[in-house]
1. Given H placed 1.01 Å from N in the peptide plane, which residues other than close sequence neighbours of E53 have an amide H under 5 Å from its amide H?
2. Report, to the nearest whole %, how much of the accessible area of the chain belongs to carbon and sulfur atoms, 1.4 Å probe, protein only.
3. Cα atoms only: what Rg and Dmax, in Å, come out for the chain?
4. Just to make sure I understand: if all protein chains stay in place, what is the order of K30, K21 by accessible area at 1.4 Å, largest first?
5. Given a 1.4 Å probe, how much area per residue of the chain is accessible, in Å²?
Amino acid sequence: MEITYVIIIAIIAYIFGAITKIFVDSIPNKYIPIQNVIIGIISALVCYFTGIEPNLLQSIVLCVVACMGAGGIADLINIKNK
């Protein structure tokens, strides 16, 4: 079941990333955590309404933590490359 969360979050993050790249030229880095929280909440709603997770609060917490963690790891990789 945990891999399903990862797949849903990855797909929604990819869609949001593509929309952001197409419609918005440059977003300041300070808004990236807000985007990650929105992706986490939407992913949680998808997981809840598809029946993957029966508890809405647990679904929101799991997906938001996963998105924020992924964003932190991406930042660490970018900092290391600089």
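The values are calculated or read from the model by the stated rules, or taken from the named source; none is laboratory data. This structure is a prediction, so every number in the text was calculated from the model and none was measured. Accessible surface areas use protein heavy atoms only, side chains included; no ligands, DNA or RNA. Shrake-Rupley method; radii C 1.70, N 1.55, O 1.52, S 1.80 Å.
1. Under 5 Å from the amide H of E53: Y48.
2. Working: 4260 of 5930 Å².
Heavy-atom surface of the chain belonging to carbon and sulfur, 1.4 Å probe: 72 percent.
3. My reading of the Cα-based Rg and Dmax gives 13.3, 42 Å.
4. Numbers: K30 145, K21 170 Å².
Most to least solvent-accessible, the answer reads K21, K30.
5. Values: 5930 Å² over 82 residues.
Ligands and nucleic acids excluded, the result is 72 Å² per residue.
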